[in-house]
Amino acid sequence: QVQLVESGGGLVQPGGSLRLSCAASGSIFSFVKMEWYRQAPGKSRELVSTIFRGGSTNYADSVKGRFTITRDNAKNTVDLQMNSLKPEDTAVYYCNALADTNFYWGQGTQVTVSS
């Protein structure tokens, strides 16, 4: 059983930055992929970014050029650097991992972008 714990959320002004981190309870080296999702109030959960085992990445169009996902296999963490934040980035951000054929979710961390 894999446990994922997100951290780094908070309140930030528009144009500011935050760095989210997702820590896994075990080695992530063999994970097929790890992802960040977000869910805003009244909206469905959406995929923000993916990083695959080989290191390739994908981003939602809404965050391209502003967010960067990185993976540290030694620390068993996946981070999401978020720059130039906008009010529409406000959401609960969730970490997701695909290990073998099983999906695992973290509990989420709140990001609020407001002046």
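The values are calculated or read from the model by the stated rules, or taken from the named source; none is laboratory data. Bear in mind that the values here come from a model prediction, so they are computed numbers and not experimental data. Positions of Cβ are backbone-derived with ideal geometry, glycine not excepted, and every protein chain shown enters the neighbour counts. Note: areas computed on protein heavy atoms with side chains; ligands, DNA, RNA excluded. Shrake-Rupley method; radii C 1.70, N 1.55, O 1.52, S 1.80 Å.
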Quiz prompt | Per residue solvent-accessible surface (Å²) - the chain, probe of 1.4 Å | solution = 52 Å²
Quiz prompt | Percent accessible area from carbon and sulfur atoms, the stretch 1-85, protein chains only, probe 1.4 Å | solution = 48 percent
Practice problem: Could you work out which residue, out of GLN13, GLN81, GLN39, moves most in a Gaussian network model of the chain, that is, has the largest mean-square fluctuation with Cα springs under 10 Å? | Solution: GLN13
Self-check item: Normalised per residue, the volume of the convex hull around the Cα set of the chain (Å³)
Solution: 93 Å³
Quiz item: How many nm separate the modelled label positions at LYS64 and PHE52, each set 7 Å beyond the Cα in the direction of the Cβ?
Solution: 1.7 nm
Quiz prompt | Net charge, TYR94 excluded, C-beta distance under 15 Å - Lys, Arg +1, Asp, Glu -1 | solution = -1
Exercise. Treating cross-link reach as a plain straight distance, find the lysines whose alpha-carbon is under 19 Å from the alpha-carbon of LYS43, omitting any fewer than eight places away in the same chain.
Key: LYS86
Practice problem: With a 1.4 Å probe and every protein chain left in place, tell me how much accessible area THR50 has, in Å² to the nearest 10. | Solution: 10 Å²
Practice problem: Rank ASN102, ASN76, ASN58 by mean-square fluctuation in a GNM of the chain with C-alpha springs under 10 angstrom and give only the top-ranked residue. | Solution: ASN102
